[in-house]
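Undergrad: Would you mind keeping the following structure in view while I ask a few things?
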Amino acid sequence: MLKEDVMLRKLRFRLTLSNALIMVTLLALFVISTYFFMRYEIFGQSEQLMDNIASKVVSRSYNEVFQYDNYKYFFIETDSSGKIVKTSSIPAKEKDHLPRLVQKAVKSKADKGSLIIDDRTFTFIKVHLQREPGGFVLVFANVAREIELLGFLLGALFLAGIVLMALALYGSLFLADRALVPIKKSWQRQRDFVADASHELRTPLAVIQTNLELVMGNPEETVKEQEIWLENIRIELQHIVKLVEDLLFLARVDSEQQILEMRRFQLDRAIYDAAKPIIPVADAQGVKFIIDLSAQVEFYGDENRIKQLVVILLDNALKHTPAGGQVELQLKSNGSTAEIIVSDTGRGIEHEHIDKIFERFYQVDNARSNKATGTGLGLSIADWIVKEHHGSIKVKSDPGQGTTFWVMLKNKV
């Protein structure tokens, strides 16, 4: 198993565990808060009703007491010694518990609370009678029904908690896998990046080494006589320098360090400045180069990056256009949109390659031209520049019919 896979497994476990702990903690808080809220509501209402009964008894409003459910609530008046002097109607099943209930309530230091008699739970309120010092009014409630209800609620919450914990674990695994998707993509992208860069560097380094061995193997020859080998070395060194520059640029892009320098500038002038050095290159290759910059556009963006974009597109067009062909550069203005068009009469691109040409290191040179290939990074950089300017880039190409790149940039000026 690769080291990266082990690290990803560990990261997945940690993400799952942390997500599960968070969800279980929230679930436990929900269950506990729900239970105690219901307990407070149930016993709070019962206690309020018992307070009302006690106040009615103290004020001798006995008739108003009988409106309550006497099978659940009942009251008792005692003298100072705790002897029962008056009671409400008491259910027969509670009468056997009455003496012990009264004694426990009278002896209790608290004025309210709960008592357990023979596995039966009662709540009580004790009120001291002022008109008869030492006497009490005791109000009792059989809360067996409430306790049964709370027990059922707790059981239901417990079962629901188990189900929700299982769902939380599954959800944690799902979230962990979702969180790992961009990490895995980034990791794979980095591995592919390193592998592709190594592959791109291997060929020119091998060519340089071979040509150096040829030069060193003939020390008696002059530089002029070995010009062909030295020229090969120079070309490959240029290729390596360009590759390294592109790699460094993309590395800064990936680390979000490539910050654009936005300002207003004349777009048509910037495009011409970028295209001007290409003119002798096109002449040397026997390619007709047409520049149509009749539209004058003031644009807000990074002038250097726009120039880089134009150079990349022109270099790509010239690279794949044979002698006798044509490359055209146009600038059009359509309201708030500036359109840069680079077209060539090269061999074109097969349809299955069009969606992939902006991927890093992706090259279709064998399908388009026999000329020396580039780094495979130029169009990736061009795509980044366009997107950073909130624009879009489209490609139309047919084998044997040439290729056209359209860059649409929305002008914020």
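Undergrad: Just to be sure before I move on: is Asp51 closer than 23 Å to Ile117 by Cα, at pLDDT below 80 and surrounded by 13 or more Cβ atoms within 10 Å (Cβ to Cβ) in the structure I sent?
TA: Criteria not met by Asp51.
Undergrad: Tell me which residues, restricted to the range 265-297, are in contact with a strand residue (DSSP E or B) (Cβ under 9 Å, 6 or more places away or on another chain), open to solvent by less than 60 Å² (accessible area, probe 1.4 Å) and part of a loop (DSSP other than H, G, I, E, B).
TA: Selection gives Val287, Leu293, Ala295, Val297.
Undergrad: Listed residues Phe289, Phe299; which is under 41 Å from the mean Cα position of the chain (by Cα) and not acidic (Asp, Glu)?
TA: Phe299
Undergrad: Please specify each residue of the range 1-38 satisfying the condition of being open to solvent by 100 Å² or more (accessible area, probe 1.4 Å) and closer than 30 Å to Glu148 by Cα.
TA: Hits for the range 1-38 are Leu26, Leu29, Phe30, Phe36, Phe37.
Undergrad: Exactly one condition in (1) crowded, with 16+ Cβ neighbours inside 10 Å; (2) at pLDDT 85 or above; (3) assigned to a loop (DSSP other than H, G, I, E, B) is false for Gln258; which is it?
TA: (2)
Undergrad: Quick check on Ser61: is it modelled with pLDDT of 80 or more and either farther than 16 Å from Phe122 by Cα or open to solvent by 90 Å² or more (accessible area, probe 1.4 Å) (or both)? Show your work before the answer.
TA: On the way: modelled with pLDDT of 80 or more: no; either farther than 16 Å from Phe122 by Cα or open to solvent by 90 Å² or more (accessible area, probe 1.4 Å) (or both): yes.
So Ser61 fails the test.
Undergrad: Sort out which residues of the range 207-223 are hydrophobic (A, V, I, L, M, F, W, C) and either in a loop (DSSP other than H, G, I, E, B) or under 16 Å from His239 (Cα atoms) (or both), and write them in order of number.
TA: First, pick out the residues of the range 207-223 that are hydrophobic (A, V, I, L, M, F, W, C): 207-208, 212, 214-216, 223.
Once the filter is applied, which keeps residues that are hydrophobic (A, V, I, L, M, F, W, C) and either in a loop (DSSP other than H, G, I, E, B) or under 16 Å from His239 (Cα atoms) (or both), the range 207-223 yields Val207, Ile208, Val223.
Undergrad: Another question, then. Could we say that Arg120 is farther than 30 Å from Leu8 by Cβ, among the charged types (D, E, K, R) and touching a helix residue (DSSP H, G or I) at 6+ places or on another chain (Cβ under 9 Å) here?
TA: Numbers: farther than 30 Å from Leu8 by Cβ: yes; among the charged types (D, E, K, R): yes; touching a helix residue (DSSP H, G or I) at 6+ places or on another chain (Cβ under 9 Å): yes.
Against the criterion (farther than 30 Å from Leu8 by Cβ, among the charged types (D, E, K, R) and touching a helix residue (DSSP H, G or I) at 6+ places or on another chain (Cβ under 9 Å)), Arg120 qualifies.
Undergrad: Every residue in the range 339-363 that is closer than 30 Å to Phe265 by Cα and at pLDDT 90 or above, please.
TA: Those that are closer than 30 Å to Phe265 by Cα and at pLDDT 90 or above: Glu339, Ile340, Ile341, Val342, Ser343, Asp344.
Undergrad: Name the strands (runs of 3 or more DSSP E) wholly inside the range 70-185 in which the number of residues that are surrounded by fewer than 18 Cβ atoms within 10 Å (Cβ to Cβ) is 3 or more. Don't jump to the end; show me each part of the working.
TA: Working: elements: 73-78, 84-87, 112-117, 120-128, 136-142.
Those strands (runs of 3 or more DSSP E) span 84-87, 112-117, 120-128.
Undergrad: Looking at Leu129, is it touching a residue at least 24 places away in the same chain (Cβ under 8 Å) and over 17 Å from Ile76 (Cα atoms)? Can you show your working first?
TA: Numbers: touching a residue at least 24 places away in the same chain (Cβ under 8 Å): yes; over 17 Å from Ile76 (Cα atoms): no.
So Leu129 does not fit the description; no.
Results for (1) farther than 18 Å from Val395 by Cβ; (2) free of Cβ contacts under 8 Å to residues at least 12 places away in the same chain; (3) open to solvent by less than 10 Å² (accessible area, probe 1.4 Å); (4) part of a loop (DSSP other than H, G, I, E, B), shown as yes or no for each residue.
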site	(1), (2), (3), (4)
Pro322	yes, no, no, yes
Leu329	no, no, yes, no
Ser333	yes, no, no, no
Ser343	no, no, no, no
Gly348	no, no, yes, yes
His353	no, no, no, no
Glu359	no, no, no, yes
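Undergrad: Taking the range 279-292 on its own, how many of its residues are in contact with a Leu (Cβ under 8 Å, 6 or more places away or on another chain) and modelled with pLDDT of 90 or more?
TA: The number of residues fulfilling the criteria is 7.
Undergrad: What number of residues within the range 298-315 are assigned to a helix (DSSP H, G or I) and open to solvent by less than 20 Å² (accessible area, probe 1.4 Å)?
TA: Initially, the range 298-315 is screened for residues assigned to a helix (DSSP H, G or I), giving 303-315.
After this cut, where a residue has to be open to solvent by less than 20 Å² (accessible area, probe 1.4 Å) as well, the list is 306, 309-310, 313-314.
The number of residues fulfilling the criteria is 5.
The values are calculated or read from the model by the stated rules, or taken from the named source; none is laboratory data. These numbers come from a predicted model, not from an experiment. Virtual Cβ from ideal backbone geometry, glycine too; neighbours counted across all protein chains shown. Note: accessible area is taken over every heavy atom of the protein model, side chains too, but ligands, DNA and RNA are not part of it. Shrake-Rupley method; radii C 1.70, N 1.55, O 1.52, S 1.80 Å.
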